[in-house]
Structures are given as C-alpha cells and as structure tokens.
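Asker: Quick one: the structure is below, and I'll ask about it shortly.
What follows is calculated from the coordinates using simple rules that are stated; it is not laboratory data. Small disclaimer: the values here were computed from a predicted structure and weren't measured. Virtual Cβ from ideal backbone geometry, glycine too; neighbours counted across all protein chains shown.
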Amino acid sequence: MDKRTFLKTSSLLGIGGLTGFKGLEELMNSVANVPAEKLASDEDFWMNIRKGYKLKPDYINLENGYYCIQPQEVLDIFLKHVSDINMQGAYYMRTVQYENKKRIAGKLAELAGCTKEELVITRNTTESLDLIISGIDWKAGDEAVMADQDYGAMLDMFAQVSKRYGMTNKIVSVPNHPKSDDEIVQLYANAITPKTKLLMICHMINITGQILPVRKICDMAHSKGVPVMVDGAHAFAHVSFKMSDLDCDYYGCSLHKWLSVPLGAGFLYVKKDNISKVWPLFAESPKDAGDISRLNHTGTVPVHTDLAIENAIDYYNRIGAKRKEERLKYLQTYWTKQVRTLKNVNLNTPEDAQRCCGIANVGIQGMKPADMAKTLLDKYKIYTVAIDGKGVQGCRITPNVYTTIAELDSLVKAIKEMAAS
C-alpha cells in the first residue's frame, strides 16, 4: 500500500486507526522511501501520528520539554505492565526483575551507541548527574567548570560539594547567539586551569534549546586532561547522535522527555575507564570497581516503568530518529521564522539550524515572562512555561510530533498581537 492510499484509508478509520503497533508499522511502511526532510512538512502523515495520542482538548500543549506524554499504544502496554506486576507481586521482584532491567538497559545502550557495560537505568537526569557530581573524589582546592545556563539541580549539587569538600565552582555564561563553535569552546577553555577536575556542559540548553558543540568541547577539555559530563536531558531521542560522536566521559538524560517513557526513568552513561573513579550514591555490596551496576543501587524502584522503556524504544524506532528530528526542527523553524524579525519580539534561540532543533524561546519586549505565559494560556489557550533569568526572558516553546501547523499558527497570531500591543 502506498502512502496516498494508506492515508486515505486511515483517515476513514479515525482515531482508532493508529492505536496499535501494527497500524503504526503500516503507516511507516507507506513512507519508507520518502526522505525525512520531505516528510517533515507532510501534514497528512503527521496528523495520522497525532491520532495515536489522546490529547487534552482544553489547550494547545507547547510544553513538551518537561514531560512528553506517551502515545496511546505505549500507555496501554505500560498499564498492562503495572497490572501484571501488581498481580505477581514479590514473585516478579525476586525472579526476573533484574534480568529484565539488564536486558532493557542493553537496548538503551544500543540506541545510545555505547556498550551495555557502560550504561545503567536511573530515574532521571538529576539522579544520573548528581551521582557523578557527588561521587567524584573531591579535594579542597579542586575546581569544576559549568555554565549559569545549566540545570538548577546540578548547580545545586555542585554548590553542596563545594561546601562539603572545599572545592571551587567556576561558572561561565553561554551567549544565546554565539558567532561560532570556537566562541563556545574558547569560553570553556578559558575557565580551565590545572586544578580543574570536571567540566559540565549541556548537550541542549533546556531554557533556550541551543545545541552546544559537544565533541569540540570534549576534544578541547581532554587535551587539557579534564573529563566532561554532559546533561543530555533534552537531546536524547530528540536529535540523532551516538556516544561515540560525542566522546564524553559521562552522560545523563531523562527518558520521560523525548523518548516518551512514563515518568520515573532515565539513564547514566559512564565511559568504561571512568567507572572505577566514581563513588556510588548509595553503598553497594562488594563488586568489581569497573562494574557500572555498583553505581545503580537505589533500592526498590517502579519496575513497570523500566519495562515500558522497551516499548517506547520500539515506538521511537518505528517513527525513525531522523524523521522525528526533522519534524521537530521543521515545526520550530516554521513559527520562529514568522516572528524572529518582528518589532518587540526577542528570539532567545540561535537561528542557525545546526544550533537548535525543536525547542525555542521567545520573549515580548516590556512583558514579563510570567505575564506572557499567563496571557498565552488565558487568552489563547496555549500552554507554555515562563523562563526569567540566566540571560533569558521569555516562554519556552516545545512542540511534539503530534503538534500541528494550525496550532503553531495560533501561537504566531498570539505573539504578533502581544508584540503589537
């Protein structure tokens, strides 16, 4: 069945047409030979993807950056996992729990492009990266380098270890509109000294969506003997990459964001040679120093969420990493191009397509971000999040694969009206 025939047939089926993996697979087969760049603007295709989601009709959700809801087929399977494990109780926990988690971590490692011996499932990015920050063997006088635009939870942990061990935190500020990769690389390079023990960077800055040149930063830092920890909360399953492309030492992310796993799942990647250098957050029974599982002792966890990771990976692979990335980039570019040069409008996200993807941040001159977000919701029924600080004043706009052009037209209309008034 070709794409035109499939789309016509599925439109007659309605929302029930894509509530199973079979329907999704048939849809994807119909576009197997369509380039991802071309498919990105095919509204008929993406409307069929939208039919696989159950969406709240009260508002347009443009705040997917906090939590990307599951498509209905992943949610249905997750609820079955909850029911099955509840029925089995301790039997499941004492028999196949660890075997399943290890298998699913292996699938995650394959998706991330690392070995299964270098990745463990955690609960979120904060747990992953705070484990590294707190687990480094800090000494008084050691230094760490980070940016003001990094996520608050990690900055808080660095502040805590500074108080505890007497190490020093050196904080730089990343420009919203860098002139080149070299400008960013040099910014971090200038902060490194012989005392620097760890450099933290964002893969994608959460408040603006700016993508940093991770590999170039890692190469620079490694040339100075400094390991690099990357916050990948917004990059994983959003933009296409493998760990080998980055060559970082540590990487953490939240799977409830762009992989659309139920709440309570993330992962931590640690390059093999660095595993033995990190103290666990919670004490573990004796294991080989190079065994990454010794960093993963956190007590009883929601194992049904672990199982749903596998289903979310299957869904993501069926959509296709490149197709998803190109659609998200298309959506962001569609609305930002229409407002970027308007009077009283401030785009806090780079225009360069290599420095951004689905996330962007927009502000109205003379309007507080909180007031802007409230107006968008109350008057235009558009849900966003206000960002006010760290050199950014505006609302973060994060569409998802189910977002329509008509919804973004509503956003553009709202921005134009607010800027004009």
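Asker: In region 167-217, with Lys and Arg counted as +1 and Asp and Glu as -1 at Cβ, which of these residues, Ile171, Thr196, Gln210, has the Cα nearest the positive end of the dipole, that is, farthest along it?
Answerer: Result: Thr196, furthest along the dipole toward the positive end.
Asker: Can I ask one more? Work out the length of the dipole vector of region 78-314 about its Cα centre, built from +1 on the beta-carbon of each Lys and Arg and -1 on the beta-carbon of each Asp and Glu, and round it to the nearest 20 debye.
Answerer: The dipole magnitude comes to about 300 debye.
Asker: Can you work out D for region 263-397 in µm² s⁻¹ from Stokes-Einstein, where Rh is the Kirkwood radius over C-alpha pairs, the temperature is 4 °C and the viscosity is 1.567 mPa s?
Answerer: On the way: Rh = 18.9 Å.
Roughly 68 µm²/s, to the nearest whole number.
Asker: Sticking with this structure for a sec: Over region 78-314, one equal point on each Cα, no solvent: what is log10 I(q)/I(0) by the Debye formula at q = 0.15 Å⁻¹?
Answerer: The Cα Debye sum returns log10 ratios of -1.01.
Asker: Follow-up. Let me know the longest stretch in the chain that avoids all GluC sites (Glu not before Pro) found in a DSSP loop with at most 16 other C-beta atoms within 10 Å.
Answerer: Formally, the longest exposed-site-free interval is 1-283.
Asker: Divide the volume of the convex hull of the Cα atoms of region 220-281 by its number of residues and quote the answer in cubic angstrom per residue.
Answerer: With only Cα atoms used, region 220-281 gives 96 Å³ per residue.
Asker: Convert 10 °C to kelvin, take the viscosity as 1.306 mPa s, use the Kirkwood radius over C-alpha pairs of region 368-421 as Rh, and evaluate the Stokes-Einstein diffusion coefficient in µm²/s, rounded to a whole number.
Answerer: Approximately 136 µm²/s, per Stokes-Einstein.
Asker: Rounded to the nearest 20 Debye, what is the dipole magnitude of the chain about its Cα centre when Lys and Arg each give +1 and Asp and Glu each give -1 at the C-beta?
Answerer: Value, rounded to 20: 440 debye.
Asker: Classify region 78-145 from the C-alpha gyration tensor, please: rounded if a/c falls under 1.5, else prolate or oblate depending on whether a/b exceeds b/c.
Answerer: Judged from the Cα gyration tensor, region 78-145 comes out prolate (a/c at least 1.5, a/b above b/c).
Asker: May I ask for the equivalent-ellipsoid semi-axes of region 341-396, computed as the square root of five times each C-alpha gyration tensor eigenvalue and listed largest first in whole Å?
Answerer: 19, 13, 11
Asker: Counting other beta carbons within 10 Å of each residue's own, what order do Trp138, Trp335, Trp279, Trp258 fall into, fewest first?
Answerer: Ordered from fewest to most neighbouring Cβ atoms within 10 Å, Trp138, Trp335, Trp279, Trp258 come out as Trp279, Trp138, Trp335, Trp258.
Asker: Take every Cα-Cα distance within the chain, group them into 10 Å bins from 0 onward, and report for each bin the whole-number percent of pairs it holds.
Answerer: In order of increasing distance, the bins hold 4, 21, 29, 26, 15, 4, 0 percent.
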